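The values are calculated or read from the model by the stated rules, or taken from the named source; none is laboratory data. The structure displayed is predicted, hence computed values, not measured ones. Cβ placement follows ideal geometry from the backbone for every residue including glycine, while neighbour counts extend to all protein chains displayed. What goes into the accessible areas is simple: the full protein's heavy atoms, side chains included, and nothing from ligands, DNA or RNA. Shrake-Rupley method; radii C 1.70, N 1.55, O 1.52, S 1.80 Å.
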Amino acid sequence: MITKPKGTMDVYGEDAKKREYVNEILRNVCSKYNYNYIETPIFEATELFHRGVGEATDIVNKETYTFKDRSDRSLTLRPEGTASVVRWFIENKLYGNITDPVKVFYNGKMYRYERPQAGRYREFTQFGVEFIGSNDILADIDVISLAYNTYNLLGLKDVTIVLNTIGDKESRANYRESLIKYFTPLISNLCEDCQKRLKTNPLRILDCKIDNETDILKNAPKTIDYLNKESKDRYNTIKEYLDLMDINYLEDYSLVRGLDYYDHTVFEIIADVPGLGNIALGGGGRYNDLIEKLGGPSIPAVGFAMGYDRTILAMDNSNVNLNLKEDIDIYVMYVSKTEKETASYLVQDLRLNGFITETDYFNKGLKGEFKAIDRLNPKYIIILNDQDLKTNKVTLKDNLTKEEQKIEINNLVDYLDTNL
Ligand code: ATP
Ligand code: MG
């Protein structure tokens, strides 16, 4: 038997319906905030992620699916969405004359070679938004508010926004220096990866999944103490605006995020999910240097990515009530050959007129059809019989009141339109 690859999933039945419901909410929120849908390729030039996510990140070092195509090009399945959106932005020269921000959202599969477990897969989905072109704090607020309200609209009322800033270049350089000073004498106590990180990107030590519970990490210098005035002012203003908007957040001065390209605002959305503990349902931040790093001009941007599958898990575990049941409108019954011929075009007509319509695909006969009707519970039943069809009529039965009436086929749609 051929089975699905490790860390992947098939989505069907109730789960598929749940995803349609979630997609609808995501699309709706984005339309209100005026973000446009974008699709980018699932694979990109490997170099895009090396430069765009960062050589020193776990994502690039350990988690990419990279392969050569038949012309020996190195391609990588995308591990995240931001690098591709920025590549699109630069490739199409959208920076030409930015008077309005470019606001896009994506919702698609991502690939990371990780150890599969609940909420962690090798093929997973991320929904995300990118707000390109403005360095104003209102852009940061827009993205945080969109994230916050999205989780709320999905029925997750207990999410927490964890907020921090890693400041501008100068602040980050100061902070980096203090981390090197602090970690150098202690580094032999940390994991092998952290020892490398000390040289490549000491900030990333704070994001280590192995050492994060140690006192060494807990006592490490905090971002807030190394911010210059400008960065601190910016951070305080953001908090004031969040307060004005009644958006709750928790500050965490050791939140730095795993990717290479952030500056100033960083945030994560955390939820306490029964069975999984406190897990990150998404994260985001400002990335003012990324566009330049990928070959474009210096243009500021801010974004957010939601772990879609984890969000669904959180909804399941928090018993969020979804009204997913979409009842069948009409079931068309037939027995004879001519009845069946009529059924074939009648169901098509009804569907094209907007009614959810089912019929018998097994030539079950009346008994079998009535059993199917019990399972599907349609609002109306159309009973075809040769006698009625001679005068272009059918029997229409209201499945709730059980009342039956004869009705002309030509009047069916009008009648159902007014009564359904
Ligand atoms: P984590 O610390 O859990 O590994 P991350 O920092 O690698 O997360 P991001 O790159 O910030 O994650 O991606 C944003 C969100 O995507 C995460 O908050 C998480 O909800 C989700 N996510 C990340 N990796 C996976 C995965 N392998 N499977 C399912 N969801 C994931
Ligand atoms: Mg990760």
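So here's what we get for this one:
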quantity	calculated
Lysines with Cα under 28 Å of K199, excluding same-chain neighbours fewer than 8 positions away	K62, K169, K181, K209, K218, K222, K229, K232, K293
Portion, in percent, of the accessible area of the chain that falls on carbon or sulfur, probe 1.4 Å	48
Unit Cα scatterers, Debye sum, the chain: log10 I(q)/I(0) for q = 0.10, 0.11, 0.12, 0.14 Å⁻¹	-0.79, -0.88, -0.99, -1.23
Efficiency of FRET from Cβ geometry, K181 and E213, R₀ 25 Å, rounded to 0.05	0.65
Separation between Cα centres of segment 1-46 and segment 359-420, rounded to whole Å	37
In segment 64-141, trypsin sites (Lys or Arg not before Pro) in a DSSP loop with at most 15 other beta-carbon atoms within 10 Å	R70, R73, K93
Segment 330-419, relative contact order in percent, only Cα pairs under 8 angstrom and at least six apart counted	29
DSSP-assigned coil residues among trypsin sites (Lys or Arg not before Pro) in segment 348-382, each with at most 15 further Cβ atoms within 10 Å	K364
Most fluctuating residue given options D193, D327, D136, as computed from a GNM of the chain linking Cα atoms under 10 Å	D327
Spatially near lysine pairs across segment 330-419, Cα under 19 Å, sequence gap of 8 or more or different chains	24
Å² of accessible area per residue within segment 219-335, as computed with a 1.4 Å probe and no ligands counted	43
With at most 11 other Cβ atoms within 10 Å, longest stretch of the chain clear of loop chymotrypsin sites (Phe, Trp or Tyr not before Pro) (DSSP)	13-360
Antiparallel bridges, percent of DSSP beta bridges restricted to segment 314-419 (to nearest 5)	55
Restricting segment 351-420 to GluC sites (Glu not before Pro) in coil, as DSSP defines it, with at most 16 other Cβ within 10 Å	E403
Over the chain: helical MRE at 222 nm, DSSP H runs n ≥ 4 each giving -39500 (n - 2.57), nearest 500	-11500 deg cm²/dmol
FRET E, pair K390, E326, Förster distance 45 Å, beta-carbon r, rounded to 0.05	0.80
